[in-house]
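The values are calculated or read from the model by the stated rules, or taken from the named source; none is laboratory data. Predicted model only: the values in this text are computed from it and were never measured. Neighbour counts run over all protein chains shown; Cβ positions are idealised from the backbone, glycine included.
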Amino acid sequence: MFRPDRAIMHFLFLMALVTPALSADGSILTLQDAMTLALSRNSSLARSRYERENLQRQLHLKMREFLPQVELGYSGNDSVTVGSSDSRVEKLSLGIDQLVFSGGRELARVRAFRRELDLKNLTAAAEQDSLMHNVLLAYVDVLKYQRIGELTEQSYQILLKQKAIAEKEYDLGEIRRIDYLDIELEAARAGLSRKETAQKLLDSRYALANLLFYPLEELPLLSGALNENYQGRLLEQAVSPAFIASMKELARSSNRDILESQFQVLQARQQLRESRFNWIPVIQANADLSVSGQEYPLDEPAFSLGLTFRFDVPLLPSTVNMQAGQSNPEEYNRTLSTTTGLADNLEGLRDPQIAGNSLSLKKMDWDETRRSVAFQVQSLASQIELSGRDIELQRERLTLLEEKLEILEMQMSLGEITRLKLVEAQVEYSNQKIALIESLVKLYTTEESLKQLCGLKSDPLDEKGLIL
């Protein structure tokens, strides 16, 4: 009589040969440990963290542009004139420059920079979620092939037993040679399927080890097993139009691709606004305070106050300077100067048109991204519904095949059917169990993909989840 525990031992022995899974200390890797390893060893996440830290520092430095610029100066002038007295002048000065008005340009740039930092943080969070998603699916993939390997090994051992019985029956002349060869062929196919499954298990372990930056030969065995009674977490909601609508709305506010496109639209809109209002001047105030004299203590104070207006208009960009002050106790002055560039800043003529076209393109990309994500949500929800129905039918078929197999075994013991027919039924039953495992994993993968698309967090340790 066939013993499943012996089949499982055969499979584990085969797995040990093709996958050096067990580490020297016999450790076991849990899903939580795998995710922690992936987060701590992923170089892309580390680079992103350093980039965001640099952007944060740059943002702090940009705030410095709203504060006054202060300069301290000292000069000493000693002159010797032939036939005249020598002169010596010492001077200490303090200069202050302050941005008074820029039409909101600097504030808009800081806000844009902050939005870029927020987007970087969001992108980093999305990359982390994506890595966790990939680790979860790779982990499930390994568990899937482990379970399929067990089922394949069980089927192979059953076929070997049936082949041995058929060989004796053939020697006794109880069955035809063609029936014996068919049974032998089924056993050979099962042996090949066992090797293919072992190779797929090795490939899946390599994929997981690669995500964890872990040497394959040191990757421990995984803990947990697949829940073959898994009923899906989104099956009931997937058929509801309200659920699909809510997932689409959630994706609009949380999907990384949509948020990136939205950020590009905001940036392009700000560039268009700046290009249209280049006639608004940038006003800079400055103050210079000084004291000079031939010897200390210095006793000749002076000061000047001024405003600078800069107009970055096309063709005729201009700068106007106004200064008023006192150069010595008996002298006051006031100056007005202006400079105008001729046929300069020509790119400003086309800036509004270019910025407008860029904004239109960014809006088109944004709309296309939203439509694409909405379609993906609809498609994934439909796939979940279809997968649920398919799994239900497969479970019903598996029950029928199990009943059929029991009947055939009884008929075989009574000599009413050939052994070949029983072997074919056993192979069909085993294949159906494998198909059910693959369908469960497909359903779980689709559900997790929908969650990731909409920015939802997964709970892989859920008691009713796929992983036990």
Practice prompt. Report yes if residue 167 is modelled with pLDDT under 90, in a loop (DSSP other than H, G, I, E, B) and over 30 Å from residue 48 (Cβ atoms), otherwise no.
Written response: no
Response to the item:
Of those in the stretch 26-43 that are closer than 9 Å to residue 223 by Cβ and in contact (Cβ under 8 Å) with a residue 40 or more places away in the chain, the residue surrounded by the most Cβ atoms within 10 Å (Cβ to Cβ) is 29
Worksheet item: Can you tell me which residue in the stretch 164-175 is nearest to residue 430 (Cα to Cα), limited to those that are touching a helix residue (DSSP H, G or I) at 6+ places or on another chain (Cβ under 8 Å) and free of Cβ contacts under 8 Å to residues at least 24 places away in the same chain?
Response: 167
Worksheet item: Hey, among 57, 64, which residue is closer than 29 Å to residue 257 by Cα and either of a type in the set (Gly, Ala, Ser) or not in a strand (DSSP E or B) (or both)?
Response: 57
Worksheet item: Any residue at all in the stretch 64-83 that is within 28 Å of the chain's Cα centre (by Cα), exposed (fewer than 15 other Cβ atoms within 10 Å of the Cβ) and under 22 Å from residue 282 (Cα atoms)?
Response: no
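Here is a yes/no grid of residues against (1) small (Gly, Ala, Ser); (2) in a loop (DSSP other than H, G, I, E, B); (3) without any contact (Cβ under 8 Å) to a residue 24 or more places away in the chain:
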site: 325; (1), (2), (3): yes, no, no
site: 334; (1), (2), (3): no, no, yes
site: 339; (1), (2), (3): no, no, yes
site: 357; (1), (2), (3): no, no, yes
site: 365; (1), (2), (3): no, no, no
site: 376; (1), (2), (3): no, no, no
site: 381; (1), (2), (3): yes, no, no
site: 388; (1), (2), (3): yes, no, no
site: 395; (1), (2), (3): no, no, no
Worksheet, complete the sentence: Flagged in the stretch 225-243 as surrounded by 19 or more Cβ atoms within 10 Å (Cβ to Cβ) and either modelled with pLDDT under 85 or β-branched (Val, Ile, Thr) (or both), in numbering order, are 232, 233, 234, 238
Worksheet item: Of the residues that make up the stretch 130-147, is at least one at pLDDT below 85, out of contact with any helix residue (DSSP H, G or I) (no Cβ under 7 Å at 6 or more places or on another chain) and of a type in the set (A, V, I, L, M)?
Response: no
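For the stretch 372-423, what are the residues that are charged (D, E, K, R) and closer than 30 Å to residue 258 by Cβ?
385 - this is the single residue of the stretch 372-423 that is charged (D, E, K, R) and closer than 30 Å to residue 258 by Cβ.
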Response to the item:
Selection over the stretch 294-309 where residues are of a type in the set (A, V, I, L, M, F, W, C) and under 30 Å from residue 279 (Cβ atoms) yields a count of 3
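Filter the stretch 171-181 down to the residues that are surrounded by fewer than 18 Cβ atoms within 10 Å (Cβ to Cβ) and under 30 Å from residue 150 (Cβ atoms) and list them by number. Working first, answer last.
Initial filter on the stretch 171-181 (surrounded by fewer than 18 Cβ atoms within 10 Å (Cβ to Cβ)): 171-174, 176-178, 181.
181 - this is the single residue of the stretch 171-181 that is surrounded by fewer than 18 Cβ atoms within 10 Å (Cβ to Cβ) and under 30 Å from residue 150 (Cβ atoms).
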Worksheet, complete the sentence: Within the stretch 292-308, residues aromatic (Phe, Trp, Tyr) and either in a loop (DSSP other than H, G, I, E, B) or touching a residue at least 40 places away in the same chain (Cβ under 8 Å) (or both) come out as 296
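Can you confirm whether residue 109 is among the basic types (Lys, Arg) and either touching an Asp or Glu at 6+ places or on another chain (Cβ under 9 Å) or surrounded by fewer than 12 Cβ atoms within 10 Å (Cβ to Cβ) (or both)? Write out each step before concluding.
Values: among the basic types (Lys, Arg): yes; either touching an Asp or Glu at 6+ places or on another chain (Cβ under 9 Å) or surrounded by fewer than 12 Cβ atoms within 10 Å (Cβ to Cβ) (or both): yes.
So residue 109 passes the test.
Residues that are aromatic (Phe, Trp, Tyr) and not in a helix (DSSP H, G or I): does the stretch 100-119 have at least one? Steps first, answer last, please.
Looking only at the stretch 100-119, we keep the residues that are aromatic (Phe, Trp, Tyr), and these are 101, 113.
Within this subset, residues satisfying the condition of being not in a helix (DSSP H, G or I) are 101.
Yes.
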Item to complete: Determine whether residue 90 is more than 30 Å from residue 310 (Cα to Cα) and of a type in the set (Asp, Glu).
Response: yes
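Report whether or not residue 194 is basic (Lys, Arg), surrounded by fewer than 18 Cβ atoms within 10 Å (Cβ to Cβ) and more than 25 Å from the chain's Cα centre (by Cα). So that I can check it myself, show each step before the final result.
Working: basic (Lys, Arg): yes; surrounded by fewer than 18 Cβ atoms within 10 Å (Cβ to Cβ): no; more than 25 Å from the chain's Cα centre (by Cα): yes.
No.
Of the residues 352, 314, only one is buried (at least 17 other Cβ atoms within 10 Å of the Cβ), touching a residue at least 60 places away in the same chain (Cβ under 8 Å), over 30 Å from residue 251 (Cα atoms) and under 48 Å from the mean Cα position of the chain (by Cα); which? Let's see the steps before the verdict.
Values: 314 fails: touching a residue at least 60 places away in the same chain (Cβ under 8 Å).
Within the list 352, 314, the selection yields 352.
Which one of 246, 292 is within 27 Å of residue 364 (Cα to Cα), out of contact with any Ser or Thr (no Cβ under 7 Å at 6 or more places or on another chain) and among the hydroxyl-bearing types (Ser, Thr, Tyr)? Before you say what the answer is, go through the steps one by one.
On the way: 292 fails: within 27 Å of residue 364 (Cα to Cα).
Exactly one of 246, 292 is within 27 Å of residue 364 (Cα to Cα), out of contact with any Ser or Thr (no Cβ under 7 Å at 6 or more places or on another chain) and among the hydroxyl-bearing types (Ser, Thr, Tyr), namely 246.
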